[in-house]
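Just below is one structure, and these are the notes that go with it.
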Amino acid sequence: MAVRDILKYGNPFLRTRCRNVDDFIKVSNLVEDMFDTMYEEDGIGLAANQIGEDLNLFVIDISHTDETEQPRIFINSNILEKKGECISVEGCLSIPGIQVELKRSEFITLQYYSLEGSQKKKEFNGLLARAIQHEMDHLNGIFIVDRLSDLVKMQYKKDLKAIEQNSVKESKARKKNQGIVL
């Protein structure tokens, strides 16, 4: 379908909690756009708010790391349980160039809906569990850098400031091109 612009760190829209999807049929084109955008940016996951949509919706594809996995769509997701811990490096399409070491739960139980509107409940682990937690954070207005200690976050302060300033410029240019003057 179409590759969409990814909102970057500093855009206030990314700090809001997303609303649930009411009409599953209307999001099918959006889901295609999300996969196209994620693949174009070489990501493994993308939340709807990262492309400016206020919806509890995200997509994940880790099939390049695990041949048994298929691309997945998660709608109106809720983590019911977390178990275990693992530490790994994460990056984020909304914070390009920054990778941080984070502790996440190794196992999660997730309740979610499929694109067809069927409610599901499943346990996930490994990279898929980590990616789900990352995208769920996005849907709740949380970035990976928010999970760092203040001391560690200071290492990234200059880079985050540059990304934030560029995000503001992009937002102003986008609104100007749409005929909206700030």
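Observations on the model:
- Top-ranked residue of segment 39-54 - restricted to ones that are touching a helix residue (DSSP H, G or I) at 6+ places or on another chain (Cβ under 9 Å) and assigned to a helix (DSSP H, G or I), ranked as nearest to Glu90 (Cα to Cα): Gln50
- Among the residues of segment 130-148, those identified as within 13 Å of the chain's Cα centre (by Cα) and either in contact (Cβ under 8 Å) with a residue 60 or more places away in the chain or more than 20 Å from Thr16 (Cα to Cα) (or both) are Arg130, Ala131, Ile132, His134, Glu135, Met136, His138, Leu139, Asn140, Gly141, Phe143.
- Listed by position, the strands (runs of 3 or more DSSP E) contained in segment 89-164 that have at least 2 residues being at pLDDT 95 or above and exposed (fewer than 13 other Cβ atoms within 10 Å of the Cβ) are 99-104, 119-125.
- When residues of segment 110-124 are limited to those that are free of Cβ contacts under 8 Å to residues at least 40 places away in the same chain and under 18 Å from the mean Cα position of the chain (by Cα), the one nearest to Ile87 (Cα to Cα): Phe124
- Look at segment 20-40: where a residue is within 16 Å of Arg72 (Cα to Cα) and at pLDDT 95 or above, no partner that is among the small types (Gly, Ala, Ser) and buried (at least 18 other Cβ atoms within 10 Å of the Cβ) sits 6+ places away or on another chain with Cβ atoms under 6 Å.
- Test: residue in segment 2-13 that is more than 16 Å from Ala129 (Cβ to Cβ) and in contact with a strand residue (DSSP E or B) (Cβ under 9 Å, 6 or more places away or on another chain): yes
The values are calculated or read from the model by the stated rules, or taken from the named source; none is laboratory data. As the structure is a prediction and not an experimental result, all values here were calculated from the model. Because the Cβ atoms are built from the backbone with ideal geometry, glycine has one as well, and the counts that use them run over all protein chains shown.
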